[in-house]
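Undergrad: Sharing a structure with you now.
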Amino acid sequence: MRPARITAYVTSLLLALGLALTGAGPAAGAQAAAEHYVALGDSYSSGVGAGSYDSASGNCKRSTRAYPQLWANENAPASFHFDACSGATTDNVLNSQLGHLSSTTSLVSISIGGNDAGFADVMTTCVLQSESSCINRVNQAKTYVDTTLPGRLDNTYSAIRSRAPGAHVVVLGYPRFYKLGGSCLAGLTENERAAINSGADHLNAAIEKRALNSGFTWASVVPAFTGHEICSGSPWLHSVKWTNIGESYHPTASGQSGGYLPTFRAVA
C-alpha cells in the first residue's frame, strides 16, 4: 500500500474510532441542529447561583452558565427559547412561560415544584429558627407535596403537552443539599440537614411520579451531585451567601456544567 493510501486509511480509521467512542457523527449533529428547544422552569433552570446573568432577563436571572444555555451552545439547535425564571411556580409557568411552545417544538426542559412547596421559606426557617421549627416546616412542605403539588404538576404538564404535542419533555429534579457527616463545623444541625435532604427526596419522588405519568422523561440530578453537596470537599451548591442571599442553596456554575448539563445531555 502506498504511503498516501496508508495515511488516508489510518486517518479514516482514527476518525471512525473517535466517532464511535464519543457517540458523535453526522446523524447526531443533524438531529441536534433540527431541534426546536424551549427551556422552562424555576431558578434551578434559569441558573441562579451560576452568575453571568443576562441583563435583559431582569429578575428572572437567566445565566449564560445555566444548563439550557450550555446545551444550546453545544448543539446549536434550530431554535432556542430560554424562558425559565427565578422564583417561578407552576402558576408562573402556566401564565407566562408557555408562549414559545408550538407544534414545531421538539425538546422541552423544566424544573418546577420547589417554589410551590415553599423551598425559600423552608430554608429561611431552618437558618434563622430552632431545630424543631426547621423540622416542622420541612414536614409541612412534605404534606403540601403529598396533597396539593401533584395536581399543580399535572395541570402544568398537561398544558405543555397540549401546546407542544410532539415534544420530548425532560423534567429535571433537585439535588440533595447536604453531605451528612461532612466537613461543616457550624450552621445547621445534622438533624436539620437530614430533614432538608429528606424533604428534597420527597419532592423529587413526587415530581418523578407525575412526570412519568404524563409520559415525560424524568432526570434525577442526585447522582451527579453526590460528593458535591454542601459540607463536601467540593460543593456544587452555595450555602448561605450573605453577600447575595438569593443565590443561597442554588447550584454554582460547576453545579450547572458538571451536574445539570450532563444529566440533561444524557436524555435529551
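The values are calculated or read from the model by the stated rules, or taken from the named source; none is laboratory data. Being a predicted model, the structure only gives us computed values, none of them experimental. With ideal geometry, Cβ positions are generated from the backbone for all residues, glycine too; neighbour counts draw on all protein chains shown. Calculation scope for accessible area: heavy atoms of the full protein, side chains included, ligands and nucleic acids excluded. Shrake-Rupley method; radii C 1.70, N 1.55, O 1.52, S 1.80 Å.
Undergrad: Report whether or not residue 167 is crowded, with 19+ Cβ neighbours inside 10 Å, closer than 30 Å to residue 53 by Cα and at pLDDT 95 or above.
TA: Considered against the rule, which asks whether it is crowded, with 19+ Cβ neighbours inside 10 Å, closer than 30 Å to residue 53 by Cα and at pLDDT 95 or above, residue 167 comes out as yes.
Undergrad: May I ask you to verify whether residue 243 is out of contact with any strand residue (DSSP E or B) (no Cβ under 8 Å at 6 or more places or on another chain) and without any contact (Cβ under 8 Å) to a residue 24 or more places away in the chain?
TA: So residue 243 fits the description; yes.
Undergrad: Of 234, 248, 220, which residue is without any contact (Cβ under 8 Å) to a residue 24 or more places away in the chain, within 19 Å of residue 176 (Cβ to Cβ) and polar (S, T, N, Q)?
TA: So the residue among 234, 248, 220 that is without any contact (Cβ under 8 Å) to a residue 24 or more places away in the chain, within 19 Å of residue 176 (Cβ to Cβ) and polar (S, T, N, Q) is 234.
Undergrad: Follow-up question, since we're still on this one. Just give me the residues in segment 208-225 being within 10 Å of residue 157 (Cβ to Cβ) and not in a loop (DSSP other than H, G, I, E, B), in sequence order.
TA: If the condition is that a residue be within 10 Å of residue 157 (Cβ to Cβ) and not in a loop (DSSP other than H, G, I, E, B), then 210, 211, 213 are the ones that fit.
Undergrad: Exactly one of (1) closer than 27 Å to residue 97 by Cα; (2) in contact with a strand residue (DSSP E or B) (Cβ under 9 Å, 6 or more places away or on another chain); (3) surrounded by 14 or more Cβ atoms within 10 Å (Cβ to Cβ) is unmet by residue 188. Its number?
TA: Residue 188 satisfies all of (1) closer than 27 Å to residue 97 by Cα; (2) in contact with a strand residue (DSSP E or B) (Cβ under 9 Å, 6 or more places away or on another chain); (3) surrounded by 14 or more Cβ atoms within 10 Å (Cβ to Cβ) except (1).
Undergrad: So for segment 119-141 (the condition being within 26 Å of residue 162 (Cβ to Cβ), surrounded by 14 or more Cβ atoms within 10 Å (Cβ to Cβ) and touching a residue at least 24 places away in the same chain (Cβ under 8 Å)), does at least one residue qualify?
TA: No, the conditions are met nowhere in segment 119-141.
Undergrad: Related question: Please state which of the following conditions residue 180 fails to meet, knowing it meets all the rest: (1) open to solvent by 60 Å² or more (accessible area, probe 1.4 Å); (2) at pLDDT below 95; (3) hydrophobic (A, V, I, L, M, F, W, C).
TA: It fails just one condition, (2).
Undergrad: For segment 55-71, name all the residues that are over 17 Å from residue 257 (Cα atoms) and surrounded by fewer than 17 Cβ atoms within 10 Å (Cβ to Cβ).
TA: Residues satisfying the conditions are 55, 56, 58, 59.
Undergrad: Can you pull out the residues in segment 91-105 that are in contact with an Asp or Glu (Cβ under 9 Å, 6 or more places away or on another chain) and either open to solvent by 30 Å² or more (accessible area, probe 1.4 Å) or modelled with pLDDT under 95 (or both)?
TA: Correct list: 91, 92, 96, 99, 100.
Undergrad: Follow-up. Of all residues in segment 226-268, count the ones that are assigned to a loop (DSSP other than H, G, I, E, B), modelled with pLDDT of 95 or more, open to solvent by 40 Å² or more (accessible area, probe 1.4 Å) and of a type in the set (Val, Ile, Thr).
TA: 1
Undergrad: Out of the helices (runs of 4 or more DSSP H) lying entirely within segment 78-197, which hold 3 or more residues that are in contact with a His (Cβ under 9 Å, 6 or more places away or on another chain)?
TA: Ranges flagged: 131-147.
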